[in-house]
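Worksheet: one structure, shown below.
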Amino acid sequence: MTYISAIGTYLPRLRLSRSAIASAVGWLGGGSGGKGTRSLAFWDEDSITMGVEAARQCLAQGGADQTALRQLVFATTTPVFREPQNASFVHAALRLQADCLTQDAGGTARSGLLALHQALEQASPALVVAADMPVTLAASAAEARSGDGAAAVLVGAGQPLLSYLGGVSMAAPLVDRYQASGHEAGVEWEERWLREEGFMTLMPQAIAAALQRANLSPDAIDCLVMPCPIAGCAPAVLKAAGLAKARLAPTLAQETGDTGSGHALLMLAHALGGMKAGETILLAQLGQGATVLVVQAQEGIADFKTGLAAQLSHGLVEDNYLKLVMFRGQLAWDRGLRGRTAVNEALSTSYRYHEALLGFVGGRCRETGRVQFPPSRLSASGTGFHLDTLDPYPLADAGGKVATFTADRLAFSRHPPNCYGLVDFNGGGRLMMDFTDPDAAGLSGGDDVRFVFRIKDMDERTGYRRYFWKAVSAHPAPPTTSD
Amino acid sequence: MASGIKDRVAVLSMGCSRFGERWDVGQEELMVEAYSEALTRAAIDPALIGAAWYSSHYDDIGAGKAGTPMAQALRLPDIGVTRVENFCAGGTEAFRGAVYAVASGAVDVALAMGVEKLKDTGFAGLPSASRGTFSPMYLPTHTNPGNFSQLAQSYAARHQIARTDLKRAMAHTSVKSHANAVDHPNAHLRKALTIDQVLNAPMVADPLGLFDCCPVSDGAACAIVTTPDIARALGRAPLVTIKAIQLVTSNGWEAQQPDWDGSYFHTARIAAKRAYQEAGISDPRTAIGLAELHDCFSITELVALEDLGLCDEGQAWRHMLDGWFDRDGRMPCQIDGGLKCFGHPVGASGLRMLYECWLQLSGQAGARQLASPHFALAHNLGGGPAQNVCSVALLGTC
């Protein structure tokens, strides 16, 4: 029997208040009544970076031998690149084995669950990463409803957290929304149609089929995890499917909004917080058909610690709607001449140093013990001649301390001031690094930092972007609350 | 142990253009301005010049690469022109090349020129320099105010200097340089400032406000150097010779290892020690009559004073407030206004500093003339505190 052994999640820190959306575009009908918040990726986050962070958290839950991983699927409806493969960046950032089948999945918000279904139906250990950062039209219902976030699930490696009892994926050309190639944002159809034909018809059929595969009756189910944006619809599905004793997992609509391909997994991570061993869960999502997976909590559930609670509580409420449209590149703004510098792609350079740049692997000198980044043939030990004495030394999880800090108002930044400084790695070595996050300017010398995978820079003319690691506070400031 | 270059080369003459926002000229005219002054002062036939060094940093907005822009602008007599580039220390680097050429005996007369045409970028401050393909993939987008603000914070932390004290000392540093430049016809900024104006200026990178930063300027400066014998034969008196030139380049230790605390310049300390040794100076505080420091930011001047041993560690801010480095103080610094007010055309600055040193030592500084200095120091820095090129040059009367 296959199983899920770990679940990681990632939410960007910003929570755009729907009242701010309503203030800005309510006159056009936007803002969806102005309740709660939606998660908002910072300017240097995208589906790849959020996916990496969720996967790091997932893999950090322990018990799994990363070298056993042979598959990585990256599911998103908002891929950064049509080409190259997005999963290859996630793979490199996680420093997984080269002998690994990497694959992008997409096309539907159900792609995360589809990838999970596939992983659970076969034997070799796999990592499923799902992340989305939808671009929506100003004042659309989707703008207020959606959120940015990611989740990752480890299958078949380490100790069972949730055993897989069976599942089904059904296809149907029910196109409730679409986004054609070359179009910036999607088009959505009427909710009532989706409710009746999708949630009230397709979904109960899929649930029944999944229960049959799992050889369970509807009343054996304790919890239904099902993203559903339509008010009052989920309880009706519960009833229509005959799930008599099942409770509904919270949708997180008021906190994050619908985070797309990772949302069912995000809701699952949240629901596992109060779960007991033996409880049975239906994991369900619509999207040109439906996927329903039946899983059962194992003994390990008692020790399961999701990072989601901390991610939810450390959000920073943002009341400036313009950050959404400007971060998404939907509004041209004056960057000044300093913001016009072209990004030199130098793809051969990127590849030559990909372990350093994407994996954040430095070097440690065998003769002096000194750590350095980037690695070099001659050790940066200060004195002596130490040739080819460096062993690879991963730094992504090392953390460090701020040695020097500046908040620079002259340098170009998409979220001024540009914050950077020297970071001393725990364990040795130092590097001048970018500090990111909305509250980066609050850092100062001596502060503990950890490292996150982010967009280094972007070239809007070509669409090219590259990634590197940045420092964020290891102890973020207390959360703010919305008025 | 090398014997060094003390007194083996003399300054025959120097020249310096007007610095500033020179919308009226390009780099070619700037070079001609400096060169024609030097040549007039030297009163020699240009055909005597045997080799030339040319410093310019921003080739994309300036004159272009290689030695040809200088050879063509100055119509040099079919000699070798070597283009050098070492961040903001390029001017001294060009001077070093010319001095070494004469000291080696390869040529009798050599020319060093620094020039930068910065005001064709369309914005304030320095343009970002080309850094190859790899390092932009991991280093932050940084500016010099950002880099040097870190120096200020680390300096204050190491010596436990209250922010208000440091801000006042930095303000005094700028106010002093503004006062020095007011009457200098070739200076970029010729307006006196008050301490309060500096303290209340807009913040650029905390704690550096606008008036803690030098301007970027258009300008050129040059030197013609020769052997002491030739200089004497041409009637130079007093003779100004090169006592020492030392240059140290960061090898990555400060930027890659946590041993350095960010509060000082590792390179400057080494360069200064070697320079004093080369010049045979045991007590720089009494021997040196004036210093031209690389005051790209007010904090740089304060920290350099300590690195060069011109005052005790952790005390520069206090002595600056006491007026030690004012025009009438113990050791006048930036008597011509420095980078802060005379201006900072990157590749020319080192030669501009040497120009003022030469004028003072040879008694040609006019209203700025100090009472008979015997040694003058030029401290030229390129790059940021964590990774830089630092030179210390000493000129003196012979």
Within the protein assembly as shown, the percent of DSSP beta bridges that are antiparallel, given to the nearest 5, stands at 75 percent
Under-28-angstrom lysine pairs by C-alpha in chain B, whenever the two are 8 or more apart or on separate chains: 22
Binning every alpha carbon pair distance of region A:19-111 at 5 Å from zero, what are the percents per bin? 3, 12, 17, 17, 15, 12, 9, 7, 5, 3, 1
Please list log₁₀ I(q)/I(0) at q = 0.14, 0.17, 0.19, 0.27 Å⁻¹ for region B:1-73, using the Debye equation with identical point scatterers on the alpha-carbon positions. -0.58, -0.79, -0.93, -1.36
Tell me the mean residue ellipticity at 222 nm calculated for chain A from its helices only (DSSP H runs of n ≥ 4, each -39500 (n - 2.57), averaged over every residue, nearest 500). -5500 deg cm²/dmol
Give me the base-10 log of I(q)/I(0) for region A:249-313 at each q in 0.23, 0.29 Å⁻¹, Debye formula, one uniform scatterer per Cα, rounded to two decimals. -1.07, -1.34
From the backbone phi of region B:258-273, what are the Karplus-calculated ³J(HN,Hα) couplings (6.51 cos²θ - 1.76 cosθ + 1.60, θ = phi - 60°) in whole Hz, Gly and Pro given as x? x, 6, 8, 8, x, 9, 8, 9, 4, 5, 5, 4, 6, 4, 5, 4
Taking only Cα atoms and a 10 Å spring cutoff, compute GNM fluctuations for chain B and point out the largest among B:ALA365, B:ALA98, B:ALA52. B:ALA365
Once A:ARG409, A:ARG466 are ranked on solvent-accessible area with the largest value leading and a 1.4 Å probe, the list reads A:ARG409, A:ARG466
What accessible area per residue, rounded to a whole number of Å², is obtained for the protein assembly as shown using a probe radius of 1.4 Å? 38 Å²
Under Stokes-Einstein, with the Kirkwood radius over Cα pairs standing in for Rh, what whole-number D in µm²/s applies to region B:249-398 at 25 °C and 0.890 mPa s? 158 µm²/s
Once you wrap a convex hull around the alpha carbon atoms of chain B, what is its projected area averaged over all directions, in nm²? 18.1 nm²
Taking alpha-carbon centroids only, region A:241-310 lies from region A:172-223 a number of Å equal to 16 Å
Length released on extending from B:GLN277 to B:SER372, taking residue separation times 0.36 nm less the Cα-Cα span: 31.9 nm
Between the modelled labels at A:SER181 and A:GLN212 (7 Å from Cα along Cα→Cβ) the distance in nm is 3.7 nm
So how much accessible surface do B and A hide from each other in total, probe 1.4 Å, in square angstrom to the nearest 100? 3300 Å²
Run the numbers on region B:127-153: which residues show a drop of 40 Å² or more in accessible area, chain on its own versus all protein chains together, using a 1.4 Å probe over heavy atoms? B:THR133, B:PHE134, B:MET137, B:TYR138, B:PRO140, B:THR141, B:THR143, B:GLN150
Ranked from highest to lowest mean number of other Cβ atoms within 10 Å per residue, what is the order of the peptides A:183-191, A:143-151, B:219-227, B:101-109? B:219-227, A:143-151, B:101-109, A:183-191
Partner lysines for A:LYS245 [C-alpha distance under 28 Å; skip if fewer than 8 residues away on the same chain]: A:LYS276, A:LYS305
How big is the gap, in Å, between the Cα center of region B:229-279 and the Cα center of region A:81-113? 54 Å
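In the P(r) worked out for region A:174-310, what percent of Cα pairs fall beyond 22 Å?
The proportion of pairs with Cα distances above 22 Å equals 39 percent.
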For peptide A:367-379, compute the average count of partner chain beta-carbon atoms within 10 Å of each residue's beta-carbon. 2
Determine how large the accessible area of A:ASP258 is when every protein chain is in place; take a 1.4 Å probe and give Å² rounded to the nearest 10. 40 Å²
Calc'd 3J(HN,Hα), region B:26-31, phi into Karplus 6.51 cos²θ - 1.76 cosθ + 1.60 (θ = phi - 60°), Hz, glycine/Pro = x, comes to x, 5, 5, 5, 4, 4
Evaluate the Kirkwood expression for the hydrodynamic radius of region A:95-208, namely the inverse of the mean inverse distance over all pairs of different C-alpha atoms, and round to one decimal in Å. 16.8 Å
By the mean-Cβ-within-10 Å protection proxy, highest first, A:45-57, A:438-450 rank as A:45-57, A:438-450
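Percent antiparallel among DSSP beta bridges with both residues in region A:3-327, to the nearest 5? Working shown, then result.
On the way: 37 of 56 bridges.
Antiparallel bridges make up about 65 percent of those DSSP assigns within region A:3-327.
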Rank B:THR82, B:THR133, B:THR121 by mean-square fluctuation in a GNM of chain B with C-alpha springs under 10 angstrom and give only the top-ranked residue. B:THR133
Got a sec? What order do B:ARG163, B:ARG131, A:ARG414 fall in by accessible area at 1.4 Å, biggest, i.e. largest, first? B:ARG163, B:ARG131, A:ARG414
Based solely on C-alpha atoms, express the radius of gyration and the Dmax of region A:3-327 in angstrom. 18.4, 54
Report, in deg cm²/dmol and to the nearest 500, the calculated mean residue ellipticity at 222 nm for chain B, where each DSSP H run with n ≥ 4 adds -39500 (n - 2.57) and the sum is divided by the residue count. -10000 deg cm²/dmol
How fast does region B:43-129 diffuse by Stokes-Einstein, in µm²/s, taking the Kirkwood radius from C-alpha pairs at 10 °C and 1.306 mPa s? 117 µm²/s
Carbon and sulfur atoms account, in whole percent of the 1.4 Å probe accessible area of the protein assembly as shown, for 52 percent
Share of pairwise Cα separations in the protein assembly as shown, more than 38 Å, in percent: 51 percent
Given all pairs of different Cα atoms, what value in angstroms does the Kirkwood hydrodynamic radius of region B:315-398 take? 13.8 Å
For region A:337-387 and region B:51-75, compute the distance between their C-alpha centroids and round to whole Å. 32 Å
For the full complex of protein chains and a 1.4 angstrom probe, list B:LYS119, A:LYS245 by accessible area with the highest value first. A:LYS245, B:LYS119
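Based on the Cβ-Cβ distance of A:ALA231 and A:SER444, what FRET efficiency does E = 1/(1 + (r/R0)^6) give at R0 = 41 Å, to the nearest 0.05? Can you show the working numbers first?
Numbers: r = 46 Å, r/R0 = 1.11.
The calculated FRET efficiency here is 0.35.
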Tell me which lysines have Cα within less than 21 Å of A:LYS401's Cα, excluding those fewer than 8 residues away on the same chain? A:LYS456, A:LYS470
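The values are calculated or read from the model by the stated rules, or taken from the named source; none is laboratory data. Keep in mind that what you see is a predicted model, and the values were worked out from it rather than measured. Cβ: placed from backbone, ideal geometry, glycine included. Neighbour counts: every protein chain shown. All accessible areas refer to the heavy atoms of the entire protein, side chains included, with ligands and DNA or RNA removed. Shrake-Rupley method; radii C 1.70, N 1.55, O 1.52, S 1.80 Å.
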